[in-house]
Amino acid sequence: MNTPRMLLAALPLLVGVAQAQQPPESEWRQANRQVAEFPRGHADVLKWEQARQTAMPPVAGKPATLVLNSLAEGVQLAWQAHPELAKPLAQLGRDDVALLASGQWQDLSASKLRRIEDAAELIEVAHGTRKTLLAAMAVEQALPYQRQALQAAEAAAELGARMAQTGNWSKLQDAREQLLKVTALQQWQRSQYAADQSRAAVLKALQQWTRRTAQTVRLPQSLPALPAAILSEQAFQDRLERMAATLPASEQTMMRANAELAYSAYRTAYALASSSQQDTLKLRQFIYDETVLRYNGMLLNTWDLLAESRALAEARVEAIGAVRDFWLAEADLQLLLLGQVPESFVTLAAGGGDSPAAAGH
């Protein structure tokens, strides 16, 4: 009697997020015996696999693509869309323009910027574009992991449905797996829409939205890595004092309050992002690796492995969102330390890994 080998053989793809090596074929054959009581034949399983393959959308013709290799390229392109900024760019000078485009705003002089006409608009465009790009990059980076979480839920639901059909599972057990699949599918649909939103926001920020009807954008593959250390409390206070000295007395109190809030968001976002990478992901990876070992040793079943695959993929999405939030908070803090206030501060909420609204500019 044949067994649904396709569902189990697909597991390396489903758990690719963990970059685990596929076990030897003999181990997968041993695992197949866990569901050997299934009466359905291999041909039926192949039919289901072919249906999934034909459901994949065809590859469309490639539209015109705007390629951005870095955040700095995006900021510079956004400046080019504003001809009125040519004068303040020239006054700022090549070196400071490069610092502003690359996000190294801590090396800029707030007093010099205040002497340049339209410098505030120059900074505003750089800040808004940087946050839009960061949010879009996070969405793109998270998509493969969200897709793998969906695949794991789909495989578990299909296997559960077959066991329920043969009387090896109750309808309650099957319903739980089907609900997980529906939830994962809904999240995947939200993620795809968020990706569309974020790409549109990038094209709009760069004023490329109406220039070509088939324009798409290719972003840098991943967010910048977290810095080894962040701006210390003392360094923040020193920079705040220097910036406040350039402002009228009537503006200093409000600016200080906003700067304190921005620094709190920056510091908290860094702690959360660091914990996501150093604690949550490491623990999730360890749990997954141990689950694989026990699965190969026939100590755990297929649903245990699929559940951990899904959990690891979701943890990676959360970690990407946490890194994104740090860089958004960092951009807000740098803006404030140049004497300007962002329209809104980043919201450090769990589960926000795919929201382009996090750009908040």
If you check Ser111 against the conditions, is it within 26 Å of Ala244 (Cβ to Cβ), at pLDDT below 95 and small (Gly, Ala, Ser)?
yes
Any residue in the stretch 111-127 that is among the β-branched types (Val, Ile, Thr), over 29 Å from Thr347 (Cβ atoms) and under 32 Å from the mean Cα position of the chain (by Cα)?
no
Can you tell me which residues in the stretch 101-151 are part of a helix (DSSP H, G or I) and without any contact (Cβ under 8 Å) to a residue 40 or more places away in the chain?
Ala101, Ser102, Asp107, Lys112, Ala119, Glu121, Leu150
Looking at Gln197, Gln173, Gln189, Gln141, which one is in contact with a Ser or Thr (Cβ under 7 Å, 6 or more places away or on another chain) and open to solvent by 10 Å² or more (accessible area, probe 1.4 Å)?
Gln141
Asn301 vs (1) of a type in the set (S, T, N, Q); (2) modelled with pLDDT under 90; (3) buried (at least 20 other Cβ atoms within 10 Å of the Cβ): all pass except (3)
When (1) among the polar types (S, T, N, Q); (2) touching a residue at least 24 places away in the same chain (Cβ under 8 Å); (3) part of a helix (DSSP H, G or I) are applied to Gln186, the one that fails is (2)
So which of Leu134, Leu92, Leu99 is open to solvent by less than 50 Å² (accessible area, probe 1.4 Å), over 19 Å from Pro224 (Cβ atoms) and not polar (S, T, N, Q)?
Leu92
How many residues, within the stretch 228-237, are surrounded by 11 or more Cβ atoms within 10 Å (Cβ to Cβ) and part of a loop (DSSP other than H, G, I, E, B)?
2
Residues in the stretch 257-280 that are open to solvent by 70 Å² or more (accessible area, probe 1.4 Å) and closer than 11 Å to Leu336 by Cβ total 2
Residue among Gln285, Gln252 that is touching a residue at least 24 places away in the same chain (Cβ under 8 Å), farther than 28 Å from Val75 by Cβ, surrounded by 13 or more Cβ atoms within 10 Å (Cβ to Cβ) and among the polar types (S, T, N, Q):
Gln285
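The values are calculated or read from the model by the stated rules, or taken from the named source; none is laboratory data. Just so you know, these numbers come straight off a predicted model, no measurement behind them. Neighbour counts are summed over all protein chains in view; Cβ atoms, including those assigned to glycine, are modelled from backbone coordinates with ideal geometry. Accessible surface is based on the protein model in full, side chains and every heavy atom, while ligands, DNA and RNA are left aside. Shrake-Rupley method; radii C 1.70, N 1.55, O 1.52, S 1.80 Å.
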